[in-house]
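Peer 1: Here it is: the structure, laid out below.
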Amino acid sequence: MAGAMRGGPGGPGGSKPSMRKALGVFENRNYRVLWVSTLFSFTGMGMQHVARGLLAWQLTEDYGKTGAIAASFGLPMLLFALVGGSLADRLEKRNLTLMTQGTTAIVMLATAMMITTDVINFEILFAVGLLQGTFFALGMPARTPLMAEAVSPDQLMSAIAMSNAAMNFTRLLGPATVGAMLLVSGIDAVYYVQSGLYVVSFLLMFLVPTGLGVAHRARIAAAGGGAGGPGMGVRPQGSMVKEIGLGIAYAWGQPRLRLLLGMMFLITMVGMPHMMLLPGFVDETLGQGESAFALLQMVAGAGGLVASLGVAAFTEFDRKPLVQWIAGLTGGVGLLILGFGSVAFGFGGAIFAVVVVGFAFTGYQTLNSTMLMSEADPEYYGRVMSLMMMTFSGMSLVAAPLGMLADAIGPAETFVAEGAVIIVVLLVLGLANRRYTFGRQSTETFAQRQEGAVAGGGGGG
């Protein structure tokens with residue numbers, strides 16, 4: 001009954017995009033506050049990515065060392081993301097988010113003061129990256145699941161998609177802000193503004209009540225009755241190491257979760273690190289300045305924003321795996337264009353390429369995130385999210401060897417190599433999983449499947 005009403009494979013509504021329904025999540029007051037808080041914090045993060053890359057290039061003028069600064073942010077995510085996921089499933093997610101937002105604001109302020117006083121150097125910037133990466137690894141596995149817990153089960157995919165839309169709007173707003181600021185001030189001012197944005201995000205979190213996760217799990221457990229899995233709706237109580245192991249075993253034991261995480265690893269480790277090469281590419285290859293780099297980041301964010309809003313409208317579409325696969329292939333082609341087109345057409349070719357890449361990879365990642373959360377048991381939200389975050393650590397960690405490759409063969413050639421690898425691997429994955437990639441999939445979330453089990457089994461038992 002539930003599946004028929006909500007549009008399972010081939011069912012009514014399964015292929016009817018609706019932006020109106022996606023926007024319905026904003027009727028929830030707690031979700032609105034969380035969304036605005038995310039908007040501020042990710043604007044700061046979007047500014048940080050641009051400012052950190054520029055500052056690293058200014059200090060070193062070396063692709064490998066610039067990549068090492070990016071790796072300093074990714075290494076803690078590799079080490080502590082699973083810890084953050086376990087904490088998110090054990091503790092109050094709102095308070096964990098508060099802690100990490102506040103400490104990040106302090107780190108940003110300290111960095112700005114070191115730039116102003118000319119104390120900053122490569123080693124200090126590396127240490128700052130380690131601190132930022134640690135706080136991000138501990139806090140991010142709590143934020144996205146908290147937004148999912150603020151809404152009803154049937155709004156989960158819309159909530160995640162609109163959350164991604166906010167993040168990608170900041171990819172437009174953040175670089176644009178940096179570009180405008182650098183015309184009239186130094187890079188230290190950018191870091192001061194970042195700190196202020198994190199403070200606002202921190203203060204907004206006080207408007208969100210505690211206990212959202214408890215209420216969410218209680219709703220799922222009540223809906224699932226005896227049909228739910230063992231321990232559903234219960235916070236992990238064992239040792240952290242044991243709970244991390246259970247989370248990994250859970251994700252590995254679910255074929256779709258395993259495939260989705262693997263597909264995310266591909267893009268974050270092979271496709272997304274191209275961003276770390278852009279500061280030097282814009283400077284040395286294209287002969288442009290800081291504002292041009294900020295413009296590239298901005299147009300990439302614009303493409304990403306359009307993709308996020310499109311995904312939000314397609315939350316009930318039953319061919320999402322196919323759309324994700326096509327988006328990944330398109331992103332690979334975009335990297336080929338970035339390599340070949342920039343050499344042939346200069347800065348104009350680069351602008352076109354990053355719009356394609358930003359649109360394609362953002363759509364790919366947003367679809368991946370929504371499908372991961374819809375497939376996961378809420379008991380494992382934090383740990384599943386932490387596994388996805390580990391894929392982003394790969395992006396930063398691969399940046400250093402990718403930078404050395406760019407030093408050896410050139411950044412344009414490196415972009416082409418990245419695009420070729422993505423296209424080949426996705427073709428193999430798509431054809432090896434034809435039924436999943438090209439077939440129609442259920443649009444129900446885990447919670448809705450539990451409701452359907454109860455309806456079909458007379459309440460479970």
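Peer 1: With a 1.4 Å probe and every protein chain kept in, tell me what percent of the accessible surface of segment 333-419 is carbon plus sulfur.
Peer 2: 79 percent
Peer 1: Moving on. Between SER185 and TRP252, what is the label-point separation in nm under the 7 Å Cα-to-beta-carbon projection?
Peer 2: A separation of 4.9 nm, rounded to one decimal place.
Peer 1: Ordered by residue, what ³J(HN,Hα) values in Hz, to whole numbers, does segment 113-120 give under the Karplus form 6.51 cos²θ - 1.76 cosθ + 1.60, where θ = phi - 60° and Gly and Pro are x?
Peer 2: Result, rounded to whole Hz: 5, 5, 5, 4, 8, 6, 8, 4.
Peer 1: Additional query: Order the peptides 185-195, 410-420 from the highest to the lowest mean number of other Cβ atoms within 10 Å of their residues.
Peer 2: Highest to lowest by the protection proxy: 410-420, 185-195.
Peer 1: Sticking with this one: Under a Cβ-Cβ cut-off of 9 Å, what is the net charge of the residues other than GLU243 that fall near it, where Lys and Arg count +1 and Asp and Glu count -1?
Peer 2: Here the count lands on +2.
Peer 1: Less than 15 Å apart at the alpha-carbon level, and either on another chain or at least 8 residues along: which aspartates and glutamates does that give for LYS65?
Peer 2: Counting by Cα, and skipping residues close in sequence, LYS65 has these aspartates and glutamates nearby: GLU123, ASP407.
Peer 1: Could you work out the Rg to Rh ratio of segment 350-439, with Rh taken as the Kirkwood radius (inverse of the mean 1/r over all Cα pairs)?
Peer 2: Working: Rg = 16.1 Å, Rh = 15.6 Å.
On the Cα set of segment 350-439, Rg over Rh gives 1.03.
Peer 1: Label segment 245-315 by shape, choosing from rounded, prolate and oblate, from the square roots a ≥ b ≥ c of the eigenvalues of the Cα gyration tensor; if a/c is under 1.5 it is rounded, and otherwise prolate applies when a/b is larger than b/c, oblate when it is not. Please list the in-between numbers first.
Peer 2: Details: a/c = 4.30, a/b = 1.90, b/c = 2.26.
Cα axes put segment 245-315 in the oblate bin.
Peer 1: Could you tell me whether segment 118-182 comes out rounded, prolate or oblate from its Cα gyration tensor? Rule is a ≥ b ≥ c as square roots of the eigenvalues, rounded for a/c under 1.5, then prolate if a/b exceeds b/c, otherwise oblate. Intermediate results must be reported in sequence, preceding the final value.
Peer 2: On the way: a/c = 5.30, a/b = 1.70, b/c = 3.12.
Oblate shape, in that a/c is at least 1.5 and b/c is the bigger or equal ratio.
Peer 1: Quick check: net charge around LEU54, other residues with Cβ under 13 Å of its Cβ, Lys/Arg +1 and Asp/Glu -1? The partial results should precede the final answer.
Peer 2: Details: positive: ARG52; negative: GLU61, ASP188, ASP283, GLU290.
Once positives and negatives cancel, what remains is -3.
Peer 1: Right, something else. Which three numbers, in whole Å and largest first, are the semi-axes of the equivalent ellipsoid of segment 285-411 derived from its Cα gyration tensor as √(5λ)?
Peer 2: Gyration-tensor ellipsoid for segment 285-411: 30, 18, 13 Å.
Peer 1: Using the Cα atoms of segment 30-156 to build a convex hull, what is its mean projected area in square nanometres?
Peer 2: Value for segment 30-156: 8.3 nm².
Peer 1: Turning to a different aspect of this structure: Would you mind computing, in nm to one decimal, how far apart the modelled labels at ALA408 and ASN95 are, each placed 7 Å from Cα along Cα→Cβ?
Peer 2: 5.0 nm
Peer 1: Now for a separate question. Rank by packing, highest mean first: peptides 360-369, 343-352, 152-161, 198-207, with packing defined as the count of other Cβ atoms within 10 Å averaged across residues.
Peer 2: 360-369, 152-161, 198-207, 343-352
Peer 1: Determine the sum of side-chain charges near VAL83: Lys and Arg each +1, Asp and Glu each -1, restricted to other residues whose C-beta is under 12 angstrom from that of VAL83. Could the numbers behind the result be given before it?
Peer 2: Working: positive: ARG90, ARG383; negative: ASP89, GLU243.
With Lys, Arg at +1 and Asp, Glu at -1, the neighbours total 0.
Peer 1: Any idea how far apart LEU207 and GLN58 come out in nm if each label point goes 7 Å out from Cα toward Cβ?
Peer 2: The modelled label-to-label distance comes out at 3.4 nm.
Peer 1: Report the far tail of the P(r) of segment 300-360, meaning the percent of Cα-Cα pairs longer than 20 Å.
Peer 2: Working: 550 of 1830 pairs.
The answer is 30 percent, as a whole percent.
The values are calculated or read from the model by the stated rules, or taken from the named source; none is laboratory data. This structure is a prediction, so every number in the text was calculated from the model and none was measured. Here Cβ is always computed from backbone atoms with ideal geometry, including for glycine, and neighbour counts include all displayed protein chains. Note: accessible area is taken over every heavy atom of the protein model, side chains too, but ligands, DNA and RNA are not part of it. Shrake-Rupley method; radii C 1.70, N 1.55, O 1.52, S 1.80 Å.
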